[in-house]
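The values are calculated or read from the model by the stated rules, or taken from the named source; none is laboratory data. Since the structure is predicted, the reported quantities are computational estimates derived from the model, not experimental observations. Backbone-built Cβ (ideal geometry, glycine too); neighbour counts: all protein chains shown.
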Amino acid sequence: MSNQIFAANDVSVTFNVGRGKNKSQVRALNHVSLDVNQGEIVGLVGESGSGKSTLARVIVGLQKYDSGELVYDGEPLPKARTLEDRRKIQMIFQDPYSSLDPRMSVKQSIFELLDTHNILPKEERLDRCKELLSLVKLPESLLDSRPYAMSGGQRQRVAIARALSLNPHFLIADEAVSALDVSVQASIINLLADLRESLKLSILFISHDLAIVRLLCDRVNVIHVGDIVESSPTLSLFDNPQHAYTRQLISAVPKLDAIVRNAN
Amino acid sequence: MTAPANILEFENLQIVARIAGRDYIAIDNVSFNVAQGHARGLVGESGSGKSLTLRAIMGLLPSNVRVTSGSIKFQGIDLLADKGKYRKSVLGTGISMVFQEPSVALNPVMKIGKQITDSLVERSDLNRRQARERAIDLMDQVGIRDPEKRVDDFPFQLSGGMKQRVMIAAAIACGPELILCDEPTTALDVTIQAQIIDLFKKLRSELKVSLLYVTHDIGVVAELCDAISVMYSGRIVEQVDDINKVFSNPQHPYTKALLSAIPRIDGPIQRLKGLEKTAPSLTQRSQELAPPMTQIEPGWEIAPFEFSDLNQMWSSSSHE
């Protein structure tokens, strides 16, 4: 497809586990393929241990893979990435309590990235910081705050601002809202949806929460012990799940009208 | 059908926390019942006071936190009176608790069979072999496969869901009538969560246990509970004995806001309404006492809307 921004083709990852006579190998990803189009939010759903975070790490280059190919904007991504390659794909991690450096203020942690990548003259950095904060709907007064003084939702917004600071076109959100309260969770989901519109971002949204995926994503991939078992547009996945595991996942989600249903 | 008696009754509970030499009201005016054989869900965001309320029953409050007024009656007798002597006599046999994080709550260096029957052995004259048999029975009851083999495993050999089953087996070992649940499925995957919810349903129908179930997940409460109390900022804002009423027709603005912030798998696909502001932290909260609840109809109460912390919060969220 012409507007495809990212594709993973046939990616496999094997981990060595145990030592001595207990040594064995675990297939974390088994010939996994998925693709993301420009401006699209694609969901990746699975349980713990299904390989969804491994895939995220492979995509941003934090994890080596055995075989397969990653394609960004029509060009294969080399195994050894340049700074420029790394800039294109950014990631938001699950736990904003451990993904931010506790000793750095918001400003410092954004400066750190801008300096490492050397994409902005020093005098423009502060303006860029302010711009990023307004993008993630945080007040400028937080520029000098450190993570301990911020709530979970604010921290996650800072993490998103950092990810956006390098103008990526493709964002990976690995369980980005799982550690947050429902009320805060809703506002972060809305923020991601807004960013997709305003920045034409493509997002790979990794989650175990099917209800959120249903609201946010255009297409969904279901991953089960290292295999993508189903990949379809969100509506058809929920209305007409093809794979037994997808059906099991969907039926396991508690529903608010359960009691109404039981009573009738 | 006559209304069943209440197994647990909270009356005007107030809990105060001492932070940096000052007292702050952490929980105020909490009154609700758990009817015999019923399940009540206690729902709220982090910091709403739901876990403190639960811990007050067990006497597991942190050292800087104390109950300053009110009573918690189990089968009509106050657990807080008499320096907790009565409480000690009913823990395990009358009331038991299942915690959130099974991998933290279980002892990593003790075989699970022994952990399950520890409290039972303490209270009876079972010998080692009988206790082991009983542990196997209990493990079977909570759906652990091959209990004869598993009984000598250590916690690290089990998955998260299996550990939570072990915790539940330990909780029902002495045949309690009330189980207190502190977010028991929050750390688990959805499919495992569904299994644990089914297990609780089974325990309710087979053992006739009552549940007080603390969670931030309203979906779980909808699946499992009959009654619900919604907490915000240390106060109950809405509670109803028939849970359906809250979902079909929530009365309090906070309940409405909370319900609309939840992504639903069965509702229309639409933008969520976030609560832009979260509850103020304990030290920034208004220290005024909670006003009395208003009854809408028997078994359905809401807090007055004017209560200041609340006012501040939903007036800022309503324009989202």
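Okay, here's what the table says:
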read-out: Residue ID - modelled with the highest pLDDT, chosen from residues in the stretch B:77-102 that are over 22 Å from B:Tyr213 (Cβ atoms) and of a type in the set (Gly, Ala, Ser); value: B:Ser89
read-out: Only one of B:Gly47, B:Gly92 that is small (Gly, Ala, Ser) and farther than 23 Å from B:Thr255 by Cα; value: B:Gly92
read-out: Scope the stretch B:265-320; condition among the small types (Gly, Ala, Ser), more than 24 Å from B:Ile25 (Cα to Cα) and at pLDDT 70 or above; matching residues; value: B:Gly267, B:Gly299
read-out: Hits in the stretch B:179-208 (condition: away from chain A (no Cβ under 11 Å) and buried (at least 22 other Cβ atoms within 10 Å of the Cβ)); value: B:Ile179, B:Leu180, B:Cys181, B:Asp182, B:Pro184, B:Phe200
read-out: So B:Ala169, is it without any contact (Cβ under 8 Å) to a residue 60 or more places away in the chain, away from every other protein chain (no Cβ under 14 Å) and either part of a helix (DSSP H, G or I) or within 15 Å of the chain's Cα centre (by Cα) (or both); value: yes
read-out: Lone unmet requirement of (1) in contact (Cβ under 8 Å) with a residue 60 or more places away in the chain; (2) charged (D, E, K, R); (3) touching a strand residue (DSSP E or B) at 6+ places or on another chain (Cβ under 7 Å) for A:Glu47; value: (3)
read-out: Selection count, the stretch A:117-136, where residues are among the β-branched types (Val, Ile, Thr) and under 22 Å from the mean Cα position of the chain (by Cα); value: 1
read-out: In the stretch B:37-62, residue surrounded by the most Cβ atoms within 10 Å (Cβ to Cβ) [restricted to those that are in a helix (DSSP H, G or I) and away from chain A (no Cβ under 13 Å)]; value: B:Thr53
read-out: Members of the stretch B:142-159 found to be buried (at least 19 other Cβ atoms within 10 Å of the Cβ) and either within 14 Å of chain A (Cβ to nearest Cβ) or over 22 Å from the mean Cα position of the chain (by Cα) (or both), listed by number; value: B:Ile144, B:Pro147, B:Arg150, B:Val151, B:Pro155, B:Leu158
read-out: A:Leu126 being assigned to a helix (DSSP H, G or I) and touching a residue at least 24 places away in the same chain (Cβ under 8 Å); value: no
read-out: Enumeration of residues in the stretch A:135-181 that are modelled with pLDDT of 90 or more, among the basic types (Lys, Arg) and over 27 Å from A:Thr54 (Cβ atoms); value: A:Arg146
read-out: Residue check, B:Val166 more than 22 Å from B:Gly94 (Cα to Cα) and in contact with a helix residue (DSSP H, G or I) (Cβ under 8 Å, 6 or more places away or on another chain); value: no
read-out: Residues satisfying the stated conditions in the stretch B:218-254, i.e. in contact with a Phe, Trp or Tyr (Cβ under 9 Å, 6 or more places away or on another chain), without any contact (Cβ under 8 Å) to a residue 60 or more places away in the chain and among the polar types (S, T, N, Q); value: B:Gln251
read-out: Test for A:Ala252: is it at the interface with chain B (Cβ under 10 Å from one of its Cβ atoms) and either among the acidic types (Asp, Glu) or more than 30 Å from A:Asp73 (Cα to Cα) (or both); value: yes
read-out: All positions within the stretch A:165-190 that are over 18 Å from A:Gln38 (Cα atoms) and more than 7 Å from chain B (Cβ to nearest Cβ); value: A:Ser165, A:Asp174, A:Glu175, A:Ala176, A:Val177, A:Ser178, A:Ala179, A:Leu180, A:Gln185, A:Ile188
read-out: Test: residue in the stretch A:223-239 that is among the β-branched types (Val, Ile, Thr), more than 12 Å from chain B (Cβ to nearest Cβ), touching a Gly at 6+ places or on another chain (Cβ under 8 Å) and in contact (Cβ under 8 Å) with a residue 60 or more places away in the chain; value: yes
read-out: Lone unmet requirement of (1) more than 14 Å from chain B (Cβ to nearest Cβ); (2) in contact with a Leu (Cβ under 9 Å, 6 or more places away or on another chain) for A:Lys200; value: (2)
read-out: Test for A:Ser183: is it touching a Gly at 6+ places or on another chain (Cβ under 7 Å) and under 18 Å from A:Leu44 (Cβ atoms); value: no
read-out: Any hit, the stretch B:13-27, residues being in contact (Cβ under 8 Å) with a residue 60 or more places away in the chain and under 27 Å from B:Leu203 (Cβ atoms); value: no
read-out: Tally of residues being among the β-branched types (Val, Ile, Thr) and within 24 Å of A:Gln248 (Cα to Cα) across the stretch B:192-235; value: 7
read-out: Selection count, the stretch A:220-254, where residues are not polar (S, T, N, Q) and not in a strand (DSSP E or B); value: 16
read-out: Restricting the stretch B:259-272 to residues that are crowded, with 18+ Cβ neighbours inside 10 Å and facing another protein chain (nearest Cβ under 7 Å), the residue that is nearest to B:His216 (Cα to Cα); value: B:Ile262
read-out: Residue match in the stretch B:178-195 (condition: among the aliphatic types (A, V, I, L, M), part of a helix (DSSP H, G or I) and more than 20 Å from B:Glu45 (Cα to Cα)); value: yes
read-out: Residue among A:Asp101, A:Asp73, A:Asp85 that is within 25 Å of A:Leu164 (Cα to Cα), surrounded by fewer than 17 Cβ atoms within 10 Å (Cβ to Cβ) and in contact with a Leu (Cβ under 7 Å, 6 or more places away or on another chain); value: A:Asp85
